[in-house]
Amino acid sequence: MNKRNLEALVGLFVLLGIAGVVFLSLKAANLGSLGAGATYTVQARFDNIGGLKPRAAVRAAGVTVGRVTAIVLDPKTFQGVVSMDIQIDYRFPKDTAAKILTAGLLGDQYVGLEPGGDDANLSAGETIAQTQSAVVLENLIGQFLTGKADEAGTAAPATPGAAATPAAPASGATK
């Protein structure tokens, strides 16, 4: 193999490596899927969107059916308003529920849609009424720790001079 052929093979190998890096970058940024097909826009309101970001996936039954296009704060209700573009091929009933879910333990967050049973479908510009906010891991850990502290009777009094009260027994418990 002469020097010119070797250089051509090395150049081809470098180009393939660059193409691979570009492909992986697009996949990591959620830009590699959902082409320019026709979509319709719906909105959902959440009390807490957690770490949801624009371009996050919108999934139903594990299949990506759309993308989050915008997230804004409603100044009147102080809720996060999430706008989503759904592929026109997928029509969801009006009583569809939207949840903010996490892919894996520490994965990216996405919007999960659970279709209802209504005969009428969502149309462009409508708002999904049934929503469930994101579960924030820090809040969950804080609730667990303070719940354990309350059960053990080690919680600090709420006001100065007030005595800590023991936790009430669970319903159905016998004394």
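Pairs of Cα atoms nearer than 8 Å and 6+ residues apart set the relative contact order; for the range 30-129 it is 34 percent. Annotation: the residues Val63, Val81, sorted from fewest to most other C-beta atoms within 10 Å of their own C-beta, follow the order Val63, Val81. By other beta-carbon atoms within 10 Å, ranking Lys3, Lys94 with the fewest at the front produces Lys3, Lys94. Cα centroid separation, the range 115-150 to the range 55-90: 14 Å. Listed by Cβ neighbour count within 10 Å, with the fewest neighbours leading, Lys99, Lys76 appear as Lys76, Lys99. Fully extending the segment from Leu12 to Arg91, taken as 0.36 nm per residue of separation minus the present Cα-Cα distance, adds 24.0 nm.
Here r is the Cβ-Cβ distance between Leu73 and Asp119 and R0 is 41 Å; the resulting FRET efficiency, rounded to 0.05, is 0.75.
Throughout, read-outs are computed from the coordinates displayed, never taken from laboratory work. Computed from a predicted model, the values in this text were never measured in an experiment. Backbone-built Cβ (ideal geometry, glycine too); neighbour counts: all protein chains shown.
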